[in-house]
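Encoded as structure tokens, the structure appears first; notes follow it.
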Amino acid sequence: MRLDEFDPNSVNVEDQRGSGGRGFSVGRGGQVGCGTLVVALVLSYVLGVDPGQLLGGMEQASAPQEQTGGPVAGTNASESCKLDQASLESCNALSSLNKTWQPIFAAAKITFQAPGLVFYQNVGSSGCGSAQSAMGPFYCPEDQKIYLDTDFYRQMDQELGATGQFARDYVIAHEYGHHIQKMTGDSDQIRSAQQQNPRAANQLSVKLELQADCYAGVWAAKNKDRLDPGDMESGLNAAHQIGDDNLMRSAGRNPNEAAFTHGSSAQRMDALRRGMQGADDNACNVYMQQ
Ligand SMILES: [Zn+2]
């Protein structure tokens with residue numbers, strides 16, 4: 001995907017790398033719910049525990065440890081975004097997502113607030129508790145920030161078979177989808193439904209995750225003149241690789257639909273495709289209506 005270089009004034013970036021959680025913060029503060037992602041799922045499958053428990057445990061973990069070595073945090077958005085290629089791609093995607101979603105919210109007369117992007121390495125701190133790279137990228141509804149250890153991109157490429165720049169853009173666009181859900185109120189609605197009916201918690205989680213995939217597709221569709229040949233395939237492959245059934249199989253377990261929290265490979269590919277083909281955020285309402 002050929003994205004413009006980020007506008008340093010339009011991205012809200014925070015950098016906790018190389019400083020044990022002490023970084024700088026630029027721009028507005030934020031507020032939304034942690035999506036468990038791939039590695040947490042892989043780990044939880046391997047460990048045989050519920051991903052929610054794993055995350056809950058992590059959130060209660062002790063304060064971030066002092067990091068030594070590794071990249072030194074930038075001192076402003078431009079420096080942080082240009083620290084390496086992975087950071088640059090993430091900021092470019094974030095900038096494009098802001099530009100794409102802001103007018104959609106304006107048209108719907110819903111207040112728009114851009115989410116923050118927090119870079120951290122291994123361990124960081126978030127409004128949802130300790131951020132650990134094993135959790136994979138996640139969105140915290142409490143502070144409305146996306147948390148990313150860019151080493152996840154290496155894992156995607158080398159361990160999950162989700163290759164290509166667009167696969168990485170899709171990760172940011174998916175987390176951004178959770179921010180959209182915070183602003184529309186869908187995530188709060190699902191969260192209270194989960195509290196009322198804990199037995200349906202996983203099923204309800206799948207709805208949110210698929211809707212976030214769909215929103216990622218809508219963003220791609222609205223920028224389709226920037227897509228390169230192969231991007232759609234790269235995104236769909238990533239959606240396939242990180243489907244719950246595929247991750248369970250990779251971890252040596254039989255896929256168990258009741259334990260799905262993000263949706264099967266087929267469902268995730270379908271959700272991304274639905275967004276890409278519909279090119280309209282209303283196309284993603286279907287997940288809340290089911
Ligand atoms: Zn998610």
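FYI, it's all coordinate maths here, none of it is from the lab. Nothing here was measured: the structure is a model prediction, and the numbers come from that model. Cβ sites come from the backbone with ideal geometry, for glycine too, and all protein chains shown count toward neighbours.
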* **³J(HN,Hα), Karplus 6.51/-1.76/1.60, whole Hz, each residue of the stretch 165-175, x for Gly, Pro** => 4, 5, 4, 6, 4, 4, 4, 5, 5, 5, 5
* Please give every one of the lysines within straight-line cross-link reach of residue 224, meaning a C-alpha to C-alpha distance under 16 Å, and leave out same-chain neighbours fewer than 8 residues apart. => 99
* Asked: Over the stretch 154-226, what per residue volume does the convex hull of the Cα atoms give, in whole Å³?
  -> 94 Å³
* Asked: ³J(HN,Hα) across the stretch 134-140 via Karplus (A = 6.51, B = -1.76, C = 1.60, θ = phi - 60°), whole Hz, x for Gly/Pro?
  -> 5, 6, x, x, 8, 10, 9
* Starting from the amide H of residue 13, placed 1.01 Å from N in the peptide plane, find each other amide H under 5 Å away whose residue is 5 or more places distant or on another chain. => 26, 117
* Structure fact -> Sorted on mean Cβ neighbours within 10 Å (highest first), peptides 139-145, 274-280 come out as 139-145, 274-280
